[in-house]
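Q: I'd like to ask some things about the structure below.
Throughout, read-outs are computed from the coordinates displayed, never taken from laboratory work. Model, not experiment: these values are computed from the prediction. No Cβ is skipped: glycine too gets one built from the backbone with ideal geometry, and neighbour counts run over all protein chains shown.
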């Protein structure tokens, strides 16, 4: 992994990526290490709600390969993907512009509004349980929809 808190594979080469962390016990209905049934239930609920909250996205719920990098994609459109990462303590949920994006200008325009919508949904669904990566070793609590600063990588 290289960092204490998970980041998408190849994150240094993505046009943009940003995301949030939810404690596994909260995300998986009280289970730190979910069984397959809890995993499926949590993912299905999340993707269904994300589709309603961000209508421009389509439910994927599957592994996708982007230029040799395999990621679990929850929802996506033609320029953005919301992915779920793997971490021992947290469920990392990231919005990315994938390497194979055909229209990065459009993706950059949409990125902030989709990230805001993702944050707003997560803060409402999991109040006082959403964190974001402050640096390699620290997370900060996202307590309201207003205490958020947009960060991008390699734009």
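Q: How far apart, in nm, are the 7 Å Cα→Cβ label points at residue 124 and residue 58?
A: Each label point is offset 7 Å from its Cα along the Cβ direction, giving 2.5 nm.
Q: A further question follows. Starting from the Cα of residue 140, move 7 Å in the Cα-to-Cβ direction to define the label point; list residues of segment 15-29 whose amide nitrogen is under 18 Å from there.
A: Counting backbone N atoms under 18 Å from the label point, the list is 17-22.
Q: So what does log10 I(q)/I(0) come out to for segment 11-142 at q = 0.09, 0.11, 0.14 Å⁻¹, using the Debye formula with one equal point on every Cα and no solvent?
A: With no solvent term, the Cα-only Debye profile gives -0.24, -0.36, -0.60.
Q: Rounded, prolate or oblate: pick one for segment 54-106, where a ≥ b ≥ c are the square roots of the eigenvalues of its C-alpha gyration tensor, a/c under 1.5 means rounded, and failing that, prolate if a/b is larger than b/c, else oblate.
A: On the way: a/c = 1.92, a/b = 1.43, b/c = 1.34.
Prolate, because a/c is 1.5 or more and a/b exceeds b/c.
Q: Also, I was wondering about something else. What distance in nm separates the two pseudo spin-label positions at residue 116 and residue 67, each 7 Å out from Cα along the beta-carbon direction?
A: That separation, rounded to one decimal, is 2.9 nm.
Q: Can you tell me, using C-alpha contacts under 8 Å and at least 6 residues apart, the relative contact order of the chain as a whole percent?
A: Result for the chain is 30 percent.
Q: Also, quick follow-up: Would you mind computing, in nm to one decimal, how far apart the modelled labels at residue 99 and residue 10 are, each placed 7 Å from Cα along Cα→Cβ?
A: Here the answer is 0.2 nm between the modelled labels.
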